[in-house]
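See below for the structure under consideration.
The values are calculated or read from the model by the stated rules, or taken from the named source; none is laboratory data. Quick caveat, the model's predicted, so the values are computed rather than measured. Neighbour counts run over all protein chains shown; Cβ positions are idealised from the backbone, glycine included. The area values use the complete protein model at the heavy-atom level, side chains included, leaving out ligands, DNA and RNA. Shrake-Rupley method; radii C 1.70, N 1.55, O 1.52, S 1.80 Å.
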Amino acid sequence: MASVEQPCYTLINFPTDTEPHNEMQLKLDLEKGDTKKKIEALKKTIGIILSGEKIPGLLMIIIRFVLPLQDHTIKKLLLIFWEIVPKTTPDGKLMQEMILVCDAYRKDLQHPNEFIRGSTLRFLCKLKEPELLEPLMPAIRACLDHRHSYVRRNAVLAIFTIYRNFEFLIPDAPELVANFLEGEQDMSCKRNAFLMLLHADQERALSYLASRLDNVHSFGDILQLVIVELIYKVCHANPSERSRFIRTVYGLLNSSSAAVRYEAAGTLVTLSSAPAALKAAAACYIDLIVKESDNNVKLIVVGRLAALREEGGEAAARALPDLAMDVLRVLAASDLDVRRHTLHLALQLQLELVAALRKEAARAAAADHDDAARYRQLLVRGLQRRAGARGPRDGALMFPEVAGSVAPALLELVGEGAEPAAVDVLLFLRVALDSFPHLRDHIYQKLLETVTGIRVGKIARSALWLLAEFADTPERAIAALDVLAAVIPTPSSGENKEEEEAAQTKPETAPRQLITSDGTYATQSAFNLPTSGTGPGSGASGGAGRAPLGAALLEGDSFTAACACSALAKLALKLPAAQHARALHRAAALLALHRARGGCGGRGGAAALTADDAEHGARCLQAAAGAAPAARRALLHAPRRALHALLALPGAAHAPLLPAQEAERAPRPRRARAVPVEAGVQFAALAGAGAAAAHHDMFELALNKALQGRSGGASEERGKLSKVTQLTGFSDPVYAEAIVSVNQYDIVLDVLIVNQTDDTLVNCTVELATLGELRLVERPAGVVLGARDFATIKAHVKVASTENAIIFGNIVYEVSGASMDRGVVVLNDIHVDIVDYIQPAVCSDADFRQMWAEFEWENKVAVNTNITDLREYLDHLLASTNMKCLTPDKALSGQCGFMAANLYARSIFGEDALANLSIETPLHKKPAQAAPVVGHVRIRAKSQGMALSLGDKINMMQKAPPQKPPANPTPAA
């Protein structure tokens, strides 16, 4: 097999609009040009070689006319040139010309300029030819005694690399470096030497460290980082050494370097699970979060602290709650994500945080930055958690003893109801009033004091429902009626005339479209919007100071007035007989006011009731006046049963702070894990001690995770063979297929090319181009394929945005010894799927509706499928688009012939994708069970490309058969 994979150490960016090269001109410039022309010619030569072409005629010219020059720029470029130029013949033997290059290396290692010496030593770390390195070993050893630290530290690195790759060239390297370390004073040189001993001879490294344990705090941060790594590796392999080094790790928690403190804290919790160790590590993390200015670093350390809380078990539960108040110091950060994660962590640590959160809420109330409202909403959700909100997993009540102090603090944030936090406040009040009967009087009284100041219709409707539903005693019912009677005026002819004149002078406004909770459109105009100004009349006298709740009932949307009639009707059934008629009179007065202002058709006034709302209010009045047993049950008992059923659902009590994390923690049904067929079986007993230790080494695990990139979800579980794309036909001279792997920000094409002829193909090159927001990083190098030979070529494509794209191209080759023109095989197009970029995500219903209203790009896709079951179509859609269904399963259950669901996903670039599914099975067809699903899917995104690409994916999905999990997956080994 031909191998084209070569190690790469240097990335060079060349402009794509360069002119084609002229080999004769390059030779002339390199041979007879001045220094500037030689530099430009050398740069062009490096670019040509990196693009995959070979110019063997230039090698000797560069050795003769460029290599002897002493210009520093030319020497830098030569180091890059010697790194990438082929140094062996096709049969694997070293070229004769490289002997002259080796002599030039030796002269540079003895050069009086320390920069040239150090650069040459760094270059020698990249060489993989022992024949070139062997004559240079005496010069490399001599560089250890150079006067300049730059040369010495690079000499150590060169010795380390050579010893690791070719131990026979310098077998005494550990002893040589250990002696060098004993007498060295420069911290960077000591770090490199200690790093080599760490990987090459741990016993010598331990001996050096043991003799200087008391002086570790005085070392530089770069050396301290290596010492922390050594202590971890030694204690991980030999736990009996923990007591020897744990005091040193404790001392490094006070290092002046943030990186050292972070690594020391992580090592400390792996060495000891004692509460004192966990507390010291957590305190170090908190100090790093507070003092570090980078928000990304803050998020990483907060995540590490949360992981410490979860993995520490009982010891963490005892040690960390004392630090909860210190964690709240992080709330001073400006980033909303940092605040959200910090608040979530603090609420897990400590119970008594109500006073601190109230103080933080008061401070946030005066803030005017962009995320101030959302931050106040986070604080409200945090205060909910401190009280009697039901747990998201098991339904148990959490911390009910603080609910009494939380309720007043939350009601302070309601205001007129315009805050995003107002919805969360009323959600909490709903749970608290239902769950804590002993606190009901206190909370109800606070609600009565606040409700008159609410102006926003949605918040007013929720508050009115709470007032009517939890007026369990005559005293509460009378108090609620008094509050409502104070804001509902008695109709009079003079007031009606004044309001009619005001309504006639009010300018008309074009209606605007709003989105309801199920994703459908509703039309709303200025006639039913709550106004910010005060309306004419207040109370019964029609003064100029009408209460905000009165404005919401008389000038807001019509549904608010209908809800007020429903609440008054419910109060009438709970009031004593003497007050029964008073409540009905107030409800009738409200209906009469609206009818007098413009009738029920909405033609004459800003607060005219719609026909549905007018009928709803009248029905409630009739039911309360008649007091039939069925109506009494419907108004008094059915809502409480529905509330109990709702609160029994997981997560219905409060909105989560971190929806994605809490969704991951929710219990999931266990299923057999499938493994790809090409995956190997690993036996830990046969792997050896070194492999077993590396399997659990946190440094190795972190490095492997970084190299692997993000996980691919379900497609990754099916293995690489599921991603093979055939590029040419089986009868073509060159067969090609590719494995397409999507990483974080790039796509890797692993192309297998097979020579299906009996001839030798030279300069066989895969030429690729892209269509869409993709860019080819480098041109794949050409290969030589013998008869029936094959090779693997890798190409990297950079991804710029989340949308569909196409990679196309051809294979160009020449037949060795033939005079024919170059052969070309056209490749099949590779379609890059948008599903590879997006991942399922979770968000709250309020956030979903807010994003739906903000995103301007919408794509409506009609459902055209042969699937007859609604749930089967939804499952097929989720499996094909990699989106998450936000609608709970309970709402999707049942057979009603209609389904509406909200879907959400987020791309790897942080872009949000929303979708609303509205489908049904047509009932007019016979039989209805065999009729295919009809309806539409509406997609909304911030960018046009994502909305269109996701719509194309859904159209393609409807033509494909439904995706189902394998019936008998291969069990994991």
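Annotation note: GluC sites (Glu not before Pro) in region 270-311 located in DSSP loop regions with a Cβ neighbour count of at most 12 within 10 Å are absent. When ARG938, ARG595, ARG430 are compared by accessible area of protein heavy atoms, the largest-first order is ARG595, ARG430, ARG938, using a 1.4 Å probe.
The distance linking region 247-298 with region 945-963 is 48 Å (Cα centroid to Cα centroid, whole angstrom). Annotation: for a label point projected 7 angstrom from Cα along Cα→Cβ of LEU923, residues of region 874-912 with backbone N closer than 13 Å are 895-899. At a probe radius of 1.4 angstrom, the accessible area of region 414-478 per residue rounds to 34 square angstrom. Once you place label points 7 Å from the Cα toward the Cβ at LYS76 and GLU767, how far apart are they in nm? In this crude spin-label approximation the distance works out to 3.4 nm. A crude spin-label estimate for the pair ALA307 and ASP322, with each label 7 Å from Cα along the Cβ direction, gives 2.5 nm. Put simply, the amide H of VAL799, placed in the peptide plane, has neighbours under 5 Å in ASP746, ILE747, leaving out anything fewer than 5 places away on its chain. Full extension of the chain between VAL934 and GLN445 gives 171.0 nm of extra length, using 0.36 nm per residue less the Cα-Cα distance. At an R0 of 35 angstrom, the distance between the Cβ atoms of LEU213 and ASP335 translates into a FRET efficiency of 0.30. ASP789 to GLN202: FRET efficiency via 1/(1 + (r/R0)^6), r the Cβ-Cβ distance, R0 35 Å, to the nearest 0.05? Efficiency computed from Cβ-Cβ geometry: 0.20.
Taking the 1.4 Å solvent-accessible surface of region 276-335 as the whole, the part contributed by carbon and sulfur is 50%. Across the protein chains, with a 1.4 Å probe defining accessible surface, the residues ASP789, ASP869 rank ASP869, ASP789 from largest area downward. Solvent-accessible area of region 836-941 (1.4 angstrom probe, protein heavy atoms only): carbon and sulfur portion equals 48 percent. Taking label points 7 Å from Cα along the Cα-to-Cβ direction, SER816 and MET24 give a separation of 3.0 nm. Listed values for region 295-300 are Karplus-derived 3J(HN,Hα) couplings in whole Hz (6.51 cos²θ - 1.76 cosθ + 1.60, θ = phi - 60°), namely 5, 5, 5, 4, 5, 5, and x replaces Gly and Pro. Rolling a 1.4 Å probe over the protein heavy atoms gives region 132-291 an accessible area of 42 Å² per residue.
Between amide H atoms placed 1.01 Å from N, distances below 5 Å from ILE170 occur with no residue 5 or more places distant or on a separate chain. Take the Cβ atoms of GLU31 and ASN113, set R0 to 30 Å, and the FRET efficiency comes out at 0.70. Remark: for residue pairs LYS37/LYS93; LYS798/LYS953; LYS37/LYS75; LYS233/LYS794; LYS723/LYS798, the C-alpha separation exceeds 23 Å in LYS37/LYS93; LYS233/LYS794. A simple count of charges around LEU484, restricted to other residues whose Cβ falls under 12 Å of its Cβ and scoring Lys, Arg +1 and Asp, Glu -1, yields +2. Subtracting the Cα-Cα distance of HIS438 and CYS125 from their residue separation scaled by 0.36 nm leaves 105.1 nm. Amide H contacts of LEU727 (H built 1.01 Å from N, in plane; Pro and chain starts excluded): ALA736, GLU737, ALA738 sit under 5 Å, all sequence-distant by 5 or more or on other chains.
In this model, which of LYS54/LYS87; LYS574/LYS890; LYS32/LYS126; LYS44/LYS87; LYS458/LYS570 are farther than 22 Å apart at the alpha-carbon? Check vs 22 Å cut-off fails for LYS574/LYS890; LYS32/LYS126.
Estimated at 0.36 nm per residue, the fully extended path between MET95 and GLN622 surpasses their Cα-Cα distance by 179.4 nm. Dividing the mean sequence gap of close Cα pairs (under 8 Å, 6+ apart) by how many residues region 114-225 holds gives a relative contact order of 22 percent.
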